[in-house]
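**Q** Encoded as structure tokens, here's the structure I'll be asking about.
Values quoted throughout were computed directly from the atomic coordinates according to the rules given, and no laboratory measurement underlies them. Please read all numbers here as calculations on a predicted model, not as lab measurements. With ideal geometry, Cβ positions are generated from the backbone for all residues, glycine too; neighbour counts draw on all protein chains shown.
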């Protein structure tokens, strides 16, 4: 079950509509990121080299799981969120929890040292990700949105960028700083700079963190993000045959 948090007090609704955030990957794949989507009926996914996640229109709908099986094929391992459990025939091989935060008091502002990053910078970005482990980042993740970085003597030492884009919202992700340059506020500066670009489009920033990443959570809360919900990610293996899927 999704745990919600009232962000404004007195039951006042958020603006913009928070509904897309309940199923953010699906909202992105059927919205602003439709051009990146591989889709079959009520199931969709990103190409593996972009973002290794799939989504369902409704995780409680057996037909959506059958569509996912048709999309990914038999005996295929796939990550999906948010979903609490898989139906019979699907093997759960891993998973975890995530915390979703939304911008409620963030000071967004450009940073004079932040430079745009693009496909030519991917080797350096992957190297920084390998050293800092901020979360999933693949060879084409940079295509999901704008990325900014800070360099020191020509070397990329910090970055942040946009991942999921859905109606009214953009996720800030890949927030990371080289261990030798931490403690200088680079992550905060980059989050604020990326958020400035998001706000210019009339959208609101949000982000995710692992529930055990206390350092990241403290940072995000201190600069104006508020926890909205917690959800589960499952790593599942699809039924071995098409006939197995029809039994779901």
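**Q** What distance in nm separates the two pseudo spin-label positions at residue 58 and residue 77, each 7 Å out from Cα along the beta-carbon direction?
**A** Distance between the two pseudo-spin positions: 3.1 nm.
**Q** Compute the angle between helix 62-72 and the longest alpha-carbon principal axis of the chain, please, reported from 0 to 90 degrees and rounded to the nearest 10.
**A** Value to nearest ten degrees: 70.
**Q** Where in the stretch 66-108 is the amide nitrogen less than 13 Å from a point lying 7 Å along the Cα-to-Cβ axis of residue 40?
**A** From the stretch 66-108, the list is 66-77.
**Q** Continuing with the same structure: Classify the stretch 102-230 from the C-alpha gyration tensor, please: rounded if a/c falls under 1.5, else prolate or oblate depending on whether a/b exceeds b/c.
**A** Cα axes put the stretch 102-230 in the rounded bin.
**Q** What number, in percent, do you get for the relative contact order of the stretch 102-230 if the mean sequence gap of Cα pairs under 8 Å and at least 6 apart is divided by its residue count?
**A** For the stretch 102-230, the relative contact order is 32 percent.
**Q** On a 0 to 90 degree scale, rounded to 10, what angle separates helix 186-200 from the longest Cα axis of the chain?
**A** Roughly 70 degrees, rounded to the nearest 10.
**Q** Quote the FRET efficiency, to the nearest 0.05, computed for residue 104 versus residue 212 with a Förster distance R0 of 30 Å and r equal to the Cβ-Cβ distance.
**A** Step by step, r from the Cβ atoms, then E = 0.85.
**Q** Could you give the angle, 0 to 90 degrees to the nearest 10, between helix 122-132's Cα long axis and the longest principal axis of the Cα atoms of the chain?
**A** Taking the Cα atoms of the chain, the angle to 122-132 is about 90 degrees.
**Q** Measure off 7 Å from each Cα along the Cα-to-Cβ vector at residue 140 and residue 17, then give the distance between these two points in nanometres to one decimal.
**A** Here the modelled spin labels are 2.9 nm apart.
**Q** Just check the stretch 65-147 against the gyration tensor rule for me: Cα atoms, a ≥ b ≥ c as the square roots of the eigenvalues, rounded for a/c under 1.5, and otherwise prolate or oblate depending on whether a/b exceeds b/c.
**A** The shape class here is prolate.
**Q** Among 180-190, 221-231, how do they line up by average Cβ neighbours within 10 Å per residue, starting with the highest?
**A** 221-231, 180-190
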